[in-house]
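The values are calculated or read from the model by the stated rules, or taken from the named source; none is laboratory data. This one's a predicted model, so the numbers in the text were calculated from it and none came from an experiment. Backbone-built Cβ (ideal geometry, glycine too); neighbour counts: all protein chains shown. Heads up: the accessible areas ignore ligands, DNA and RNA and are worked out on the full protein's heavy atoms, side chains in. Shrake-Rupley method; radii C 1.70, N 1.55, O 1.52, S 1.80 Å.
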Amino acid sequence: MLKKENILLVDDDIQILELLQRHLTSMHYHTYSAVSVKEALYILKDTAIDLLITDINMPDINGIQLIKYMAEHYPDIPKLVVTGFPSIDDAMSVIKSGATEYITKPFTKSELADAVQKSLECIQQRKSKGKEPSKMQQGYGEMIGTSEAFKEVVEIIERVKDNHATILVQGESGTGKELVARSIHYSGKFARAPFIAVNCGAIPENLLEAELFGYTKGAFTGAFETRNGFFQAANNGTIFLDEIGNASLAVQGKLLRVLQEKEVTKVGSQKSEKLNVRVIAATNSSLTELIEKKLFREDLYYRLTVVSISVPPLRERISDIPMLVSKFLQKYGVEYKDRLVGIAPDALEVLERYSWPGNIRELENVIQRAVIMSDGQVTVKHLPEQVKFQIDFPEQALKPLKQIEKEYIEKVLAATGNNKTKAAEILQIDRKTLREKLK
């Protein structure tokens, strides 16, 4: 489980930022990432931070200025400086500015752990984070579950629900990424503000920019009036950008400006509008792979990942299946049968054994069909063939080892949604070897 401390990381060097995040995550700390002082101050406005870790040498505004600002505006937050230019003068200057600890690059994981521990020990009284919410007992908002994987997601939601930090929700198709976004919005202090969900994959590429940011009269053929976009509609609230990987590079450039400057410009206009919008993006594809293919902007990726949430697949939440089944039985029993519908124990066992490649969405569809086909109780005969026990009959003809290997690789790729990175991990080979074997 995550430790109670929230740590804010500030560094314009993406590699150092990733290294810090990786180390601290392995130590079970929750982190927020900022690539500039300006972004760090935006996060600090409405986020409970327990420790600041910052670089000194950054463009525009350096770390010393941030330390001085923090010393007066947030005096109770300890400050750990990480720099690549060690000197006695630097050390004295940093300590005088209000830093608690000071370490130099390159540093080891143990050195970082010691510095973090010492920094946190400097604060005698820590603000209580409150008790674990009662809604954790059975679920959270519209989400249902008590598994450890589910609780980890809920714990992060509890930390980010009351601030406007940008969030990237990652997970396979059907895992409930939009439910996570809605839970963040509706469980926090901005619940009364708008929540606007946008499926970037469902809007034609040539219309996405106009739909997101609005347009002026005459901006393009068919623009008969000036209209606001989804971002203006979400002002002071939350905009959820699903399938963000499908956005064009032009739209990505505008999204980057929104995150950096907190303003948007309508299509056909030269005037920008200031907005206060929390952006939650979601994807079931690998953005790092899209970056390698030059299809996704690396600078936008790091702006989106101030906080990352990985939604676990259903196969990692087997203990949650009975509760999810009960929820869907109630929903569709009332809708189709005007009464509650039960499920036979052996039918539930079949559902718990299945791997659910389509995740919660697939489970819901299976229960919906079963309720329609049943008469008061769902039994094994009401379940579709694909969830029941299967026999893999051996091939009659013997095949060359190379062909069998290729068929198995294709099977693993199909199971991972053609995600070559995941497939390579399962096969325990690198992606280059995987490409060669597929030729």
If you go through region 130-153 one residue at a time, do you hit one that is basic (K, R), within 28 Å of L168 (Cβ to Cβ) and at pLDDT below 80? yes
Of all helices (runs of 4 or more DSSP H) fully inside region 198-268, the set with 1 or more residues that are touching a residue at least 60 places away in the same chain (Cβ under 8 Å) is 249-261
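Yes or no, residue by residue, for (1) of a type outside the set (F, W, Y); (2) at pLDDT 90 or above; (3) not in a helix (DSSP H, G or I):
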| residue | (1), (2), (3) |
| --- | --- |
| A48 | yes, no, yes |
| D60 | yes, no, yes |
| L66 | yes, no, no |
| D90 | yes, no, no |
| V94 | yes, no, no |
| Y102 | no, no, yes |
| A113 | yes, yes, no |
Residue pairs, Cβ under 7 Å, 6 or more apart or interchain, first in region 337-357 and on the phi > 0 side of the Ramachandran plot, second open to solvent by less than 10 Å² (accessible area, probe 1.4 Å). List them. W356/L314; W356/L363
For region 288-299, state whether one or more residues are touching a Ser or Thr at 6+ places or on another chain (Cβ under 7 Å), farther than 23 Å from K420 by Cβ, open to solvent by less than 70 Å² (accessible area, probe 1.4 Å) and among the charged types (D, E, K, R). no
Taking V325 as the residue in question, decide whether it is open to solvent by less than 40 Å² (accessible area, probe 1.4 Å) and part of a helix (DSSP H, G or I). yes
Just checking: which of the helices (runs of 4 or more DSSP H) contained wholly in region 341-439 hold 3 or more residues that are more than 30 Å from L179 (Cα to Cα)? 401-415, 431-438
Anything in region 246-284 that is more than 20 Å from H164 (Cβ to Cβ) and open to solvent by 50 Å² or more (accessible area, probe 1.4 Å)? List them, or say none. N246, L249, A250, G268, Q270, K271, N284
Here are the criteria: (1) of a type in the set (A, V, I, L, M); (2) under 17 Å from T305 (Cβ atoms); (3) surrounded by 22 or more Cβ atoms within 10 Å (Cβ to Cβ). Tell me which single one L51 does not satisfy. (2)
Among the residues of region 403-414, is any farther than 22 Å from R317 by Cβ and open to solvent by less than 50 Å² (accessible area, probe 1.4 Å)? yes
Among what's in region 154-172 and is polar (S, T, N, Q) and surrounded by 22 or more Cβ atoms within 10 Å (Cβ to Cβ), pick the residue that is modelled with the highest pLDDT. T166
Scanning region 187-219 for residues that are out of contact with any strand residue (DSSP E or B) (no Cβ under 7 Å at 6 or more places or on another chain) and of a type in the set (F, W, Y) gives none
Could you please give the count of residues in region 364-404 that are at pLDDT 95 or above and over 19 Å from L329 (Cα atoms)? 0
Any chance F231 is crowded, with 16+ Cβ neighbours inside 10 Å and hydrophobic (A, V, I, L, M, F, W, C): yes
Evaluate region 235-245: report whether one residue or more is farther than 25 Å from S33 by Cβ and either of a type in the set (A, V, I, L, M, F, W, C) or loosely packed, with under 15 Cβ neighbours inside 10 Å (or both). no
